[in-house]
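Report on the structure given below.
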Amino acid sequence: MVVAAVLGSTSVAFAAAPTAATTAATNVLSTSALLNGSGNPNGEMTTGWYRVNTTNPGTCNDTFGTRVPATGGTSLGTTGSMSYAISATGLMPGTTYYFCAITGNPSGNGFGSVLSFTTPGPPAVVTTGATSIAATTALLNGTANPTAAATTGWFRLYTTDPGTCSDSTGTRVPAGTSTQNLGMGTTPAAYSFNTNTAISLTPGTTYWYCALANNSLGTSVGAVVSFLTLPVVPTVSTTAATALTATTATL
């Protein structure tokens with residue numbers, strides 16, 4: 001803050017190092033984001049800039065990661081708090097970045113808190129084991145990390161091992177174009193579909209399947225896994241014995 005000294009009857013203000021505050025990134029795209037913050041010059045001509053990196057520095061400093069911009073910055077004047085925003089470009093899709101606002105004047109630097117954002121990327125998909133397996137149905141399971149973009153999920157089912165998953169082979173589960181909405185978060189979301197939404201299975205048969213998910217950055221597939229449907233349980237009826245004699249009978 002500005003320090004004042006009293007000389008006789010005159011108050012003289014002395015400049016001080018600026019302050020800085022980091023606010024949430026906006027306009028986050030797959031390869032760019034708008035970094036936001038504000039600074040108070042505290043009486044001296046002040047400039048604002050940012051630092052950004054894929055590793056969390058813990059606390060803000062002017063040595064970690066990449067400086068944005070590489071040189072210079074936004075002029076914040078000499079008095080009053082002022083917001084400023086600078087675009088970070090050349091980012092990698094599907095990546096979490098950490099950043100902070102920094103201000104500087106001849107008296108020193110001000111540092112904001114470290115915040116993070118995740119650039120959108122293709123979903124990350126995992127096929128998990130089938131459950132509720134019966135003679136003619138089974139529940140197919142998977143997870144997908146939307147990676148910060150609106151994502152949907154579905155499955156492909158095979159009667160022979162396809163080796164790798166593809167959205168152009170096998171039977172789509174569910175049939176048609178139905179999918180499950182998985183949101184646009186940055187942690188895995190579980191999803192399931194029953195095979196009866198597309199096909200009736202054969203008892204005592206091995207099937208293979210895989211999970212798929214799609215967002216605006218592309219379609220991703222999980223590994224191919226298998227399950228065995230249950231056999232049909234035989235039914236038995238007991239009827240009355242016939243041809244009865246003293247020592248024999250037909251059952």
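The values are calculated or read from the model by the stated rules, or taken from the named source; none is laboratory data. This structure is a prediction, so every number in the text was calculated from the model and none was measured. Don't worry about glycine lacking a Cβ; one is built from the backbone with ideal geometry, like all the others, and counts go over all protein chains shown. To get the accessible areas, we keep the full protein, side chains included, count just its heavy atoms, and leave off ligands, DNA and RNA. Shrake-Rupley method; radii C 1.70, N 1.55, O 1.52, S 1.80 Å.
Listed values, structure above:
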| read-out | value |
| --- | --- |
| Considering only the stretch 194-251, percent of DSSP beta bridges that pair antiparallel, nearest 5 | 100 |
| Length added when fully stretched, T239-T55, from 0.36 nm per residue minus Cα-Cα | 58.6 nm |
| Alpha-carbon centroids, the stretch 109-130 and the stretch 141-184: separation in whole Å | 22 |
| Residue with peak Gaussian network fluctuation, the chain [Cα springs, cutoff 10 Å], from P203, P188, P41 | P203 |
| Per-pair calculated FRET efficiency, R0 = 22 Å: S226 and D167 via Cβ, rounded to 0.05 | 0.70 |
| Rg ratio (alpha-carbon, reference 2.2 N^0.38 Å) - the stretch 100-236 | 1.49 |
| Heavy-atom surface of the chain, accessible at 1.4 Å and reported per residue (Å²) | 50 |
| [x] 16.7, 50; [y] 18.4, 62; [z] 32.3, 137, with the label sought being that of the calculated Rg and Dmax of the Cα atoms in Å | [z] |
| Normalised contact order of the chain, rounded percent, pairs of Cα under 8 Å and 6 or more residues apart | 17 |
| Fraction of accessible area attributable to carbon and sulfur, the chain (%, probe 1.4 Å) | 57 |
| Residue among T23, T71, T137 with the largest mean-square fluctuation in a Gaussian network model of the chain, springs linking Cα atoms under 10 Å | T71 |
| With all protein chains modelled, accessible area of F111 [1.4 Å, Å²] | 90 |
| Point-charge dipole on Cβ atoms (K/R +1, D/E -1) for the chain, about Cα centre, debye to 20 | 120 |
| The stretch 158-251: C-alpha gyration tensor shape, a/c 1.5 cut-off, then a/b vs b/c | prolate |
| Top of T239, T202, T19 by mean-square fluctuation, Gaussian network on the chain, Cα under 10 Å | T239 |
| Gain in span if fully extended, S75 to D62, counting 0.36 nm per residue against the direct Cα distance | 2.9 nm |
